[in-house]
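Engineer: Below you will find the structure I want to go over with you.
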Amino acid sequence: MPTDALALALDAVPLGDDLRRPVDYNARLVAEAVLATPYREAPGTATPLPHTAYGLEPVDDGLRWRMCPAEGLRWSDGTPLRAEHLVAGVRDAAVRDRQTGRFFADGDAAAAELPDGRVEIRLREPAGFLPPLLTLPQFSPLRPDSDAVLGPYAPAATGPDGGPRLRLHRYAEAGGLPEELAFPVLADLDAAVGAFRSGRVHATPTTSFDVPDTGRYADDPDLVTAPMALFASLEFGRRVPALRRAPGLRAAVAAALDPEALAAGTGGLLEAAPAPVAALLGRDAPARPAAPGAREVRAVRAACADAGPLEVAYADFVPNGTVVAALCARLRQVFGLDLRPRALPYPAYVRAALTGDHTFLYTLTTADFPHPAALLGPWATGGTYSRTTGFTDAPFDRLFDAARTATGPAEAAAWLAAEERWLYVMPRVPLLRVRAHYLASPRVRAAGLTPSGVVPPLGLGAPAAAHP
């Protein structure tokens, strides 16, 4: 490794071949170092910061937005950033991403360069959450016929451990950034900690701690803990259609579960968050409902009578098994259901989540950008979860649309109103929010985590000696 290099350990090989569309956290971490989004997330704030664009402002009540290309940025082949590159990036995202593309005008009409050199983004309907949306990698500037990169790092090679290596390119605005970033894959926490202690890596994976590890490293001066916009829920599958369709029965299950008690058994890895949007906005969660009565207990038991084996499936990662064991124990106690945990390999878990082919699923949902729309948008008509689960609800759509167009002091209240309906009708019970736990060097600790839980590469610019 070069003298000035940083290595951030991953817990698995990044998924996906397209950096603009990272499939998992590991791929997103790498993408953040190679791509340069129009706006970017920064630790400690939900307000996006200018990156390859600035001056973003709404026109026509948010139906159109205009922004200026950043000055002085160059691609890795020396080509200056131009408005046409921003236009191409927005058009590409609008056409290729069904989840976000449904908000944009069709085809090339999604973005255009104006005579004054600014870029205009055009939407189907006003959307106040466009600034945080532009922090996603798929909106990065694009040159369709070029392999050049605009972010500070260019892919160099794959390391012997299977993880990618990146190097600063000659036209990068370095700002004290390390010459090389490496992402060794160390799925075993003890191996990652050993590599950290020896100086071979400068941070362990952010979510590889299990419950015993939180006590083991609780007083370690290198420990970092921070909330992530990653939320855990209990989802009702197609094998229990009566529960899946009946909000009252799902509410009875929710009333039997105590997120505070579930979180208490995880050593700080999770925190209670039964209302994710409220958690993102820093608001208090709604009061817990009364425990289910005898009638509700009988109704839930009857809804599960013909479901076959009663299982709570989950992705076989830590600390999911700990939480699912507690969920099963509580639901057995309250409803007398013979619920058992079932660990799934990650591909099988993804299939179960997409198809709903399960009884119950302990599932994790990521807010891809720091805004309530990231959590609620997929459930609105045309969104990913709406399509895959067959979920539709006209009152929720109306509330989502009202929140989407709200601005100023009314915006938070509008999103909370949309969430209230969402909590009632959606086929899952939100429970918890994930907290990152990892060991990091002073330089990485100083960089912090963005609201979406990513170490921001631009935050690695200052030398370690400059940090306490």
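Engineer: Just to confirm my numbers, what's the Cα centroid distance between region 209-265 and region 1-73 in Å?
Structural biologist: Between the Cα centre of region 209-265 and that of region 1-73, the gap is 29 Å.
Engineer: Whole-Hz Karplus ³J(HN,Hα) for region 96-111, in order, using 6.51 cos²θ - 1.76 cosθ + 1.60 and θ = phi - 60°, x for Gly and Pro?
Structural biologist: With coefficients 6.51, -1.76 and 1.60, one gets 9, 10, 5, 5, 8, x, 5, 8, 9, 4, 5, x, 5, 5, 5, 7 Hz.
Engineer: Just order 219-232, 410-423 by mean Cβ neighbour count inside 10 Å, highest at the front, would you? Mind showing how you got there, number by number?
Structural biologist: On the way: 219-232: 17.3, 410-423: 19.6.
Top of the packing list down: 410-423, 219-232.
Engineer: Next question, about the same structure. Taking the Cα atoms only, what angle lies between the long axis of helix 294-303 and the longest principal axis of the chain, rounded to 10 degrees?
Structural biologist: So the inclination is approximately 70 degrees.
Engineer: Further, regarding this structure: Could you calculate the FRET efficiency of Asp18 with Leu49 from 1/(1 + (r/R0)^6), where r is the beta carbon distance between them and R0 is 22 Å, rounded to 0.05?
Structural biologist: Numbers: r = 25 Å, r/R0 = 1.12.
Working from the Cβ atoms, E equals 0.35.
Engineer: Does region 89-248 come out rounded, prolate or oblate by the C-alpha gyration tensor, with a ≥ b ≥ c the root eigenvalues, rounded set by a/c under 1.5 and, if not, prolate when a/b is larger than b/c and oblate if not?
Structural biologist: Working: a/c = 2.46, a/b = 1.19, b/c = 2.08.
Oblate.
Engineer: With a 10 Å radius around each residue's Cβ, average the other Cβ atoms per peptide and rank 362-373, 242-253, highest first. List each step's numbers first, then the result.
Structural biologist: Values: 362-373: 22.5, 242-253: 18.2.
Peptide ranking by packing, descending: 362-373, 242-253.
Engineer: Counting only the backbone N, which residues of region 108-142 are under 17 Å from the spot 7 Å out from the Cα of Asp60 toward its beta-carbon?
Structural biologist: Within reach of a label on Asp60, which here means backbone N under 17 Å from a point 7 Å along Cα→Cβ, region 108-142 contributes 108-116, 118-130.
Engineer: Is there a quick way to get the dipole size of region 1-41? I mean about its Cα centre, with the Cβ of Lys and Arg at +1 and of Asp and Glu at -1; what is the value in debye to the nearest 20? Walk me through the numbers on the way to the answer.
Structural biologist: Numbers: 4 positive and 7 negative charges, 29 e Å.
Using only the charged Cβ atoms, the result is roughly 140 debye.
Engineer: Turning to a different aspect of this structure: FRET efficiency for Thr381 and Glu84, Cβ-Cβ distance as r, R0 = 35 Å, nearest 0.05? Don't jump to the answer; show the numbers that get you there.
Structural biologist: On the way: r = 33 Å, r/R0 = 0.96.
For R0 = 35 Å, the calculated efficiency reads 0.55.
Engineer: While we're here: With every protein chain kept in place and ligands, DNA and RNA left out, what is the accessible area per residue of the chain? Probe 1.4 Å, answer in Å². Write out the running numbers ahead of the final one.
Structural biologist: Values: 19450 Å² over 468 residues.
I get 42 Å² per residue for the chain.
Engineer: Please name which of Gly215, Phe236, Pro43 has its Cα lying farthest along the dipole of the chain towards the positive end, using unit charges on Cβ (Lys, Arg +1; Asp, Glu -1) and the Cα centre as origin.
Structural biologist: Looking along the dipole axis, the top candidate is Phe236.
Engineer: Continuing with the same structure: Place +1 on the Cβ of every Lys and Arg and -1 on the Cβ of every Asp and Glu in the chain, take the dipole about the Cα centre, and give the residue among Pro370, Ala148, Pro164 whose Cα lies farthest towards its positive end.
Structural biologist: Going by the charge dipole, the pick is Pro370.
Engineer: Please give, to one decimal in nm, the separation of the simple spin-label points placed at Ala294 and Ala5, each 7 Å out from Cα toward the Cβ.
Structural biologist: 7.0 nm
Engineer: Arranged from highest to lowest average of other beta-carbon atoms within 10 Å per residue, in what order do the peptides 346-358, 287-299 appear? The partial results should precede the final answer.
Structural biologist: Details: 346-358: 16.3, 287-299: 12.9.
Result, highest mean first: 346-358, 287-299.
Engineer: Could I ask something else about it? Can you tell me how the chain classifies by the Cα gyration tensor, rounded, prolate or oblate, using a/c under 1.5 as the rounded cut? Display every interim value, and only then the final one.
Structural biologist: Details: a/c = 2.08, a/b = 1.29, b/c = 1.61.
It comes out oblate by the Cα gyration axes.
Engineer: For region 273-351, with only Lys/Arg (+1) and Asp/Glu (-1) charged at the beta-carbon, what is the dipole magnitude about the Cα centre, in debye rounded to 20? Before the final figure, lay out each step's value.
Structural biologist: Details: 10 positive and 6 negative charges, 33 e Å.
Dipole about the Cα centre, nearest 20: 160 debye.
Engineer: Ok, one more. Please say if region 314-468 is rounded, prolate or oblate, where rounded means a/c under 1.5 for a ≥ b ≥ c the square roots of the C-alpha gyration tensor eigenvalues, and otherwise the choice is prolate for a/b larger than b/c and oblate otherwise? It would help to have the intermediate numbers written out before the result.
Structural biologist: On the way: a/c = 2.20, a/b = 1.19, b/c = 1.86.
Oblate.
Engineer: Given the -39500 (n - 2.57) contribution per DSSP H run of 4+ residues, what per-residue ellipticity at 222 nm results for the chain, rounded to the nearest 500 deg cm²/dmol?
Structural biologist: Calculated mean residue ellipticity at 222 nm is -9000 deg cm²/dmol.
Engineer: If you don't mind, there's one more thing I want to ask. Which value in nm describes the separation of the simple spin-label points at Thr388 and Asp106, placed 7 Å from the Cα toward the beta carbon?
Structural biologist: Spacing of the two 7 Å Cα→Cβ label points: 2.8 nm.
Engineer: Starting from 0.36 nm per residue, how many nanometres of slack lie between Arg216 and Leu354 once their C-alpha separation is accounted for? Working shown, then result.
Structural biologist: Values: separation 138, 0.36 × 138 = 49.68 nm, distance 3.62 nm.
Stretched fully, the Arg216-Leu354 segment lengthens by 46.1 nm.
Engineer: Tabulate in residue order the Karplus-calculated ³J(HN,Hα) for region 369-386, using 6.51 cos²θ - 1.76 cosθ + 1.60 with θ = phi - 60°, rounded to whole Hz; enter x for Gly and Pro.
Structural biologist: Residue by residue, region 369-386 yields 9, x, 7, x, 4, 5, 8, 8, x, x, 8, 5, 3, x, x, 4, 5, 4 Hz.
Engineer: For the pair Ala287 and Ala261, how long in nm is the line joining their label points, each one 7 Å along Cα→Cβ?
Structural biologist: Result: 2.0 nm between the two label points.
Engineer: Now for a separate question. Could you give me the ³J(HN,Hα) list for region 69-84, computed from phi with Karplus coefficients 6.51, -1.76, 1.60 and θ = phi - 60°, whole Hz, x at Gly and Pro?
Structural biologist: Result, rounded to whole Hz: x, 4, 9, x, 7, 10, 5, 5, 9, x, 5, x, 5, 10, 4, 4.
The values are calculated or read from the model by the stated rules, or taken from the named source; none is laboratory data. What you see is a predicted model, and the numbers here were worked out from it, not measured in a lab. Glycine also receives a Cβ, built like all others from the backbone with ideal geometry; neighbour counts cover every protein chain displayed. All accessible areas refer to the heavy atoms of the entire protein, side chains included, with ligands and DNA or RNA removed. Shrake-Rupley method; radii C 1.70, N 1.55, O 1.52, S 1.80 Å.
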